[in-house]
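Just so it is clear, none of the values below were taken in a lab; they were calculated from the coordinates. Because the structure is a prediction, the values reported are computed rather than measured. Reconstructed Cβ throughout: ideal geometry from the backbone, glycine too, with neighbour counts over all protein chains shown.
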Amino acid sequence: MIESTVSEAVARRAAELRRRSGAGSAVDALVVALAEPGGTVLTGDRADIEALAARADYVSVEVI
């Protein structure tokens, strides 16, 4: 999926995930927020993405 704009709701959710996890960049948090609910994030950045996904709604992480 490619998003050219992000809604305010997604941006706020990303900020909440980042605040709760204390990890990841703003971009990492946006990726996880966009994967909610029930999506899978493919990443090479396991630690940050997993920390964010642990606080997300049914987001799984697959390390590539």
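Listing Asp48, Asp57, Asp28 from fewest to most neighbouring C-beta atoms within 10 Å gives Asp57, Asp48, Asp28.
Amide H contacts for Val41 (H built 1.01 Å from N in the peptide plane; partners 5 or more residues away or on another chain; cut-off under 5 Å): Ser60, Val61, Glu62.
Computed from label points 7 Å out along Cα-Cβ, the spacing between Asp45 and Arg19 is 2.1 nm. The overall shape of the range 8-63, judged from the alpha-carbon gyration tensor, is oblate: a/c is not under 1.5, and a/b is no greater than b/c.
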